[in-house]
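K.L.:
Have a look at the structure that comes next, please.
The values are calculated or read from the model by the stated rules, or taken from the named source; none is laboratory data. Since the model is a prediction, treat every value here as computed from it, not as a measurement. Here the Cβ positions follow ideal geometry from the backbone for every residue, glycine too, while neighbour counts run over all protein chains shown. For the accessible areas, the whole protein counts, side chains as well, though only heavy atoms, and no ligand, DNA or RNA atoms are used. Shrake-Rupley method; radii C 1.70, N 1.55, O 1.52, S 1.80 Å.
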Amino acid sequence: MESLQIPVMIITLIVLILSFLLYMVSFLNNRQSLKQTARFTVVAAFILNTILLMKRTVLAGTLPLSNLFEFGLFFVWAVLLVFLVIEYKYEMAGSGIFVLPVAIILLFWLFSHDHAIRPMMPALRSPWLFVHVLTAVIAYGAFAVSFTMAVMYLLKDYLLGANYKSILIKVLPSLDLLDELTYKITFIGLPFHTIMLVTGAVWAEFSWGRYWSWDPKETWALITWLIYAVYLHVRLMRGWKGKRAAILAILGFLAVIFTFIGVSYLLPGQHSYV
Amino acid sequence: MKFMNLKVKEVKMPLLNLLASVKLAVVVILSLIIASIVATLYPFLNVFQTFWFRGLLLIFSLNLFFCTITRIKSIFRKVRKKPEGFEDELFYGEHVQIVDLTNCEKLLDDFFKEKRYRVGKQTDEDKVLFLAQKGFPGLIAPHFLHLSLIVVLIGAFIGTFGVASTITGFVGQKKEMPVDLMPGVTLEINGFKTLYDEKGHIDNWVSEITLYQDGKQVASGSTRVNYPFKYKGVVFYQNAYGYNHLIEITGEQEGVYSIPDGKTFQLSGFSFNIRYAKDQAVIKVFEGSSLIQGKILGEGENLELSDNTTIEYLQLYPYTILGVKKDPGANVVMLGFLLMTISSTFFWMGRYREVRAVIDKRNSKLHYMVSCKNQEAKAAILKELKKRLMEV
Ligand code: HEM
């Protein structure tokens, strides 16, 4: 059973690449039918990813949330989930070209990880783990999608400013919608991030005897949280919507990536198992 | 007196305005971000313990506090708002001509009821005023979150008066608790165990402990990872553990020894170590660097090292390392965390929306105005309302 994981992951990756290509082609030719197929393939990739997670749950006997690989699988899952919701709600198929690479790169990167199911270490055997990691995953998924909206914003803004006659100008949604969506998704994602920080701290209080130890991973999660807080607050000030806010949303996601990947390699601490 | 008042206003208000401003919040939060990045890249700078970092946290707390108290009034005003005094303002909003006044009133009643608005209504002879409100959690969410952050910060501040320490002890040993934590209390370590799950993987480590106050037993229980033991505000954590081995040597260097797990010793021209793994003690004997003997040693078993020297394995001698701490602010922090969680869920309950409407009986007109920070939701309410009004 465990050996089936890699084939399922490979198929998921192929399906995702296929949907990315479909989105590309459908845009270049503006073909509605292809957009439908592209959406269908993302749903298929999402289902495959869900199956993979369910299978691991059965094999591990608990929700698979105990290492970087498992967290990564959930991360990809959440990115696809948030993307599907946005795509469906706002008919923003164009965003597929930008969001899917995030999921593809993440999934591709996961291949280099140990995918064996290992017993969970005692410190992780706590009900707090589930709330902590699941809220992190949803927040990160939301931030990944808000990041791509911000990238699309800056790209469109640049193309418009430079008077390019690019097809992308037509393909990309309006600047207002992109700005609004970056904001909305962040606004929904941040409370998840808040709950992730809080449950992590409560858990640390029970487990390490300190709710906050300025461990690099938790500090970077705090930095991420603060960047998004700045993002929301600058929008309360005049003249801060649009470009400058988009840059902050991008910085926020770079902080997410650094918290998720960078810290584990570069700044070891108590969180070193994830 | 008048002059004094003026002065107070001139001098103090700008400071208060600054302290309550979002601009300051952005600057302070950005500074916290930069400080934290520097702190993780250069841990030796001990940024988080510095005076200026704490000063920054203080400004942040004051900013949160003043920001909240200056804005909370307007929130209360909104919550307690009555359907009165807004008719003039509404004449600038949208309006429709109506034919059937009673039907229009009923339509609005039904609309607000169906959409679960809280409705306030005031009727007089020439007009009917409607105030429909919904989404109070969304309205108070940011302020509630800010307040909970203040609670956490206060708790963390109180926590700086706390004490933390560690106690290392062998099973069977009694240890005095640090005086600043629990004066006159002795801790006895009754046992230490590794627990396994049904698949044979380590599930947890547990220490059994008893506390004595002036020689009298006052509490006893167990502490394990994720499930600490608490007594009178002092919390005991299972931090770490280790093993020693009690052995008796006869022959050369005779005596009873307690040796640390895995540590190598010289005896009779050999070197040896004992390691505990999977519920067994294994002794390994080396001559130079080559292994010449390996044996599982049960309690009371012997290993003959040389003609005249024997090692008898008496027993495993585990020790446990407990973290002990008293944090007078911990409960406040936990309360703050709980409030943060509740307020976070409020953000998902939708933005506050308010519909104000006046039926102008004299001119047979309905004026209305929708307010909501979520533009999409606002447009949807307007669309739905217009659609229904078309039916009248
Ligand atoms: C890290 C700390 C903070 C977090 C996580 C936070 C979080 C939030 C969130 C999520 C919102 C809602 C944003 C929106 O509606 O788009 C908000 C609004 C706001 N925040 Fe903060 N905040 C923080 C610190 C501060 C500080 C220090 C101030 C001090 C001035 C402040 C002032 C405000 C104001 C005035 C609003 C608008 C409230 C409203 O819509 O009625 N915040 N905050």
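K.L.:
Criterion first (within 14 Å of the ligand (Cβ to nearest atom) and either of a type outside the set (D, E, K, R) or out of contact with any Cys (no Cβ under 7 Å at 6 or more places or on another chain) (or both)) does A:Trp203 satisfy it?
P.N.:
no
K.L.:
Would you be able to tell me the number of residues in segment B:161-188 that are open to solvent by less than 30 Å² (accessible area, probe 1.4 Å), under 24 Å from A:Met121 (Cα atoms) and away from chain A (no Cβ under 14 Å)?
P.N.:
Of the residues in segment B:161-188, 1 are open to solvent by less than 30 Å² (accessible area, probe 1.4 Å), under 24 Å from A:Met121 (Cα atoms) and away from chain A (no Cβ under 14 Å).
K.L.:
Now, a different point. With the condition kept exactly as written, say whether any residue in segment B:239-246 is under 30 Å from A:Gly200 (Cβ atoms), within 14 Å of chain A (Cβ to nearest Cβ), open to solvent by less than 20 Å² (accessible area, probe 1.4 Å) and modelled with pLDDT of 90 or more.
P.N.:
There is no residue in segment B:239-246 that is under 30 Å from A:Gly200 (Cβ atoms), within 14 Å of chain A (Cβ to nearest Cβ), open to solvent by less than 20 Å² (accessible area, probe 1.4 Å) and modelled with pLDDT of 90 or more.
Residue-wise test of (1) under 27 Å from the mean Cα position of the chain (by Cα); (2) crowded, with 20+ Cβ neighbours inside 10 Å.
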position	(1), (2)
B:Glu301	no, no
B:Glu304	no, no
B:Leu322	yes, yes
B:Val333	yes, yes
B:Gly336	yes, yes
B:Met349	yes, no
B:Ala357	no, yes
B:Gln375	no, no
B:Lys387	no, no
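K.L.:
Taking the residues in segment A:103-149 that are closer than 18 Å to A:Thr57 by Cα and of a type in the set (Phe, Trp, Tyr) as candidates, determine which candidate is farthest from the other protein chains (Cβ to nearest Cβ).
P.N.:
If we take residues in segment A:103-149 being closer than 18 Å to A:Thr57 by Cα and of a type in the set (Phe, Trp, Tyr), then A:Phe130 is farthest from the other protein chains (Cβ to nearest Cβ).
K.L.:
If I ask for residues that are open to solvent by 50 Å² or more (accessible area, probe 1.4 Å) and among the small types (Gly, Ala, Ser), which ones from segment B:78-95 would you list?
P.N.:
B:Gly85, the sole residue that qualifies.
K.L.:
Looking only at residues in segment B:346-391 that are within 30 Å of B:His146 (Cα to Cα) and among the basic types (Lys, Arg), which one is nearest to the ligand (Cβ to nearest atom)?
P.N.:
It comes out as B:Lys373.
K.L.:
Restricting to segment B:59-75, what's the tally of residues that are within 8 Å of the ligand (Cβ to nearest atom), more than 24 Å from the chain's Cα centre (by Cα) and among the aliphatic types (A, V, I, L, M)?
P.N.:
1
K.L.:
From the list B:Arg353, B:Arg362, which residue is within 30 Å of A:Asp179 (Cα to Cα) and more than 8 Å from chain A (Cβ to nearest Cβ)?
P.N.:
That would be B:Arg353, the only listed residue that is within 30 Å of A:Asp179 (Cα to Cα) and more than 8 Å from chain A (Cβ to nearest Cβ).
K.L.:
Would you say A:Ser174 is surrounded by fewer than 23 Cβ atoms within 10 Å (Cβ to Cβ), within 23 Å of B:Ala39 (Cα to Cα) and either within 16 Å of the ligand (Cβ to nearest atom) or more than 8 Å from chain B (Cβ to nearest Cβ) (or both)?
P.N.:
So A:Ser174 fails the test.
K.L.:
Which of the residues spanning segment B:31-59 are within 12 Å of another protein chain (Cβ to nearest Cβ), open to solvent by 90 Å² or more (accessible area, probe 1.4 Å) and at pLDDT 95 or above?
P.N.:
The one that is within 12 Å of another protein chain (Cβ to nearest Cβ), open to solvent by 90 Å² or more (accessible area, probe 1.4 Å) and at pLDDT 95 or above: B:Ile34.
K.L.:
For A:Trp220, all conditions in the list (1) open to solvent by less than 20 Å² (accessible area, probe 1.4 Å); (2) within 7 Å of another protein chain (Cβ to nearest Cβ); (3) not basic (Lys, Arg) hold save one; what is the number of the exception?
P.N.:
(1)
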